[in-house]
Amino acid sequence: MKYILVLLVGVALGGVLVFYFLVGAPRTQPMAGAPVRAPEAGGNPPGTAVLMLDEKFFNTLLGTVFNELGAPTFKLAARDVDGRGADGNEGSATGVRFVDAQCISEVVVLPEGSGVNTGVRLADGKITLPLAFNGSYNLLGNCTNFRGWAQANVELWFVAPEQKLNGRINVEGVNLDGVSPIFAGVVTQFVQNSINQRVNPLVIMQGAQLALDVPVQATGGTLKAQAQDIRSEVKDGALRLHVTYDFSGERAAPPPSPPPPTS
């Protein structure tokens, strides 16, 4: 019994060490602004516009990224043996890895793989994002390749001072091809850390996409509007954004007075 207990403790400690060597301490990317809530039950306040984005819109956007920009690649910042981060800077790392140009700790999102198509799903009141991927990590000089897919959801956050609608991708779980479920938790955190460090927060709309700045020629002024609140709902296969605006008018500056006549 004594030896069994020692063995179990050793396995547990080994698992913890592998986890921290590979992905570092779990980190949650802080989000600015406030989480986007559901629309008011009593209806929208005055000055609210409803924008509708369906699955075709998001998946056309993703298709353009894959076809014209290449597969998104998330490198996990890690600390190599000389104490520097993956970007060569001190103090910017969260894990441990050995320098090996042939094996980089990274996750590459694929258009499809493991029987899953990467894309946005709008159903059951949620924004979900299945992600097919492959990748590799270098642990203590050993290179391990993996392939699978991740189930993720997207939360929306509104940053009013910056007029930004941001998203946060949360990885709920990872399914690996041909890998023991024992390691699924480690890779799940690896993928989430990669997204937190390289993607989150994901800017969805900002600036001119939200604010209004319309010249009114008949008055010589400009109608302006800033989003003061955003609500969202997923309904009938579409994301509906209820944007409530604060309107204001800006009069044109009067023409300068002519200089006085000179004698």
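Points to keep in mind about this one:
- Just one of the listed residues (Arg240, Arg231) is of a type in the set (Lys, Arg), surrounded by 15 or more Cβ atoms within 10 Å (Cβ to Cβ) and touching a His at 6+ places or on another chain (Cβ under 6 Å), and it is Arg231.
- Some residue of segment 25-36 being exposed (fewer than 13 other Cβ atoms within 10 Å of the Cβ), more than 19 Å from the chain's Cα centre (by Cα) and at pLDDT 85 or above: no
- Scanning segment 227-263 for residues that are hydroxyl-bearing (Ser, Thr, Tyr) and over 22 Å from Gly42 (Cβ atoms) yields Ser248, Ser257, Thr262, Ser263.
- Any hit, segment 220-227, residues being of a type outside the set (A, V, I, L, M) and modelled with pLDDT under 90: yes
- Being modelled with pLDDT of 90 or more, at negative phi and of a type in the set (S, T, N, Q) is a property that does not hold for Thr94.
- Pick from segment 155-175, criterion surrounded by 21 or more Cβ atoms within 10 Å (Cβ to Cβ) and of a type in the set (Val, Ile, Thr), ranking: nearest to Asn117 (Cα to Cα): Val174
- Sole exception among (1) within 30 Å of Lys56 (Cβ to Cβ); (2) more than 33 Å from the chain's Cα centre (by Cα) for Tyr245, by number: (2)
- Filter result (under 17 Å from the mean Cα position of the chain (by Cα) and aliphatic (A, V, I, L, M)) within segment 143-173: Ala150, Ala152, Val154, Leu156, Val159, Leu165, Ile169, Val171
- Candidates Ala152, Ala86, Ala71, filtered to the one that is within 16 Å of Arg198 (Cβ to Cβ), modelled with pLDDT under 90 and not basic (Lys, Arg): Ala86
- Selection status of Ala252, modelled with pLDDT under 90, open to solvent by less than 70 Å² (accessible area, probe 1.4 Å) and under 30 Å from Thr48 (Cα atoms): yes
The values are calculated or read from the model by the stated rules, or taken from the named source; none is laboratory data. Just so it is clear, the model here is predicted, and its values are computed rather than measured. Positions of Cβ are generated from backbone atoms using ideal geometry, with glycine treated the same way; all protein chains shown enter the neighbour counts. We work out accessible area using only protein heavy atoms, side chains counted, and drop any ligands, DNA or RNA first. Shrake-Rupley method; radii C 1.70, N 1.55, O 1.52, S 1.80 Å.
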